[in-house]
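Here, each number is a calculation from the coordinates, and none is a lab measurement. Worth saying up front: this structure is predicted, and the values here are computed from it rather than measured. Every residue, glycine as well, gets a Cβ built from its backbone with ideal geometry; the counts of neighbours run over all protein chains shown.
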Amino acid sequence: MARTAKTSKSKAPAQPDVVEVALGLFADRGFGQVTMAEIAAAAERPLSEVLLAYPGKGAVLAAWFRRIDAAMIEGGEAGAHEDLRDRLFEVVMRRFDLLAPRKALVSDLMRAAAADPLGLGLVLAASLRRTIRWMLAAAGSEAEGLRGLLVRKGLAALYADTLRVWLTDETEDAARTMAHLDKRLRQAGGLMDRLTFVRRRGAASAT
């Protein structure tokens, strides 16, 4: 009986990731100088396909920030025995570590947003609101209503202030950033009280 020759099917090479391609273009040329058509071409995809997934450059950035947020919370929520301030410190620093490979791009985006508050500025503000919610979830202190609004605003201000330090922090271990974040968390007594209240209330309602 003649043997049938086995034909091996070669897998097609994976297409470049649209988000990563876009981030590279933004870093090289600036957010405002890149078009969606250029992103699609660099990602080797039809423009129509890219636009279905990402209606604009803001959507591409939002997708990147969602990836960062997802990686940030992979460690899960803090246990009831852990200090809330320490857990929040860990969550914020974890996000900075994840952003570190694109630190120059983050700095460029912040400057571009200041010049375009109604465009890129709104995109970054919306992403920050989502990030703050995920930070609180990772710290085990989600909150709604007026108290939740105050908590989120306080944490957003604290994070934005620390972000400015991080962007200029040239130490290898981010020592300046950690020292500043620790100081700000200790100063934020009212915020910590609200976070602790929300967390205890959540634990009580779950029992």
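Ordered by the count of other Cβ atoms within 10 Å of each Cβ, fewest first, 110, 72, 178 give 110, 178, 72. Relative contact order of segment 80-202, taken over Cα pairs closer than 8 Å and 6 or more residues apart, is 32 percent.
Neighbour counts of other Cβ atoms within 10 Å put 170, 20, 142 in the fewest-to-most order 170, 20, 142.
The stretch between residue 176 and residue 28 holds 50.5 nm of extra length on full extension. This uses 0.36 nm per residue minus the Cα-Cα distance. In this Cβ point-charge picture (+1 for Lys and Arg, -1 for Asp and Glu), segment 80-202 has a dipole of about 540 debye about its Cα centre. Each label was represented as a point 7 Å from its Cα along the Cα-to-Cβ direction; for residue 103 and residue 35 these points are 3.5 nm apart.
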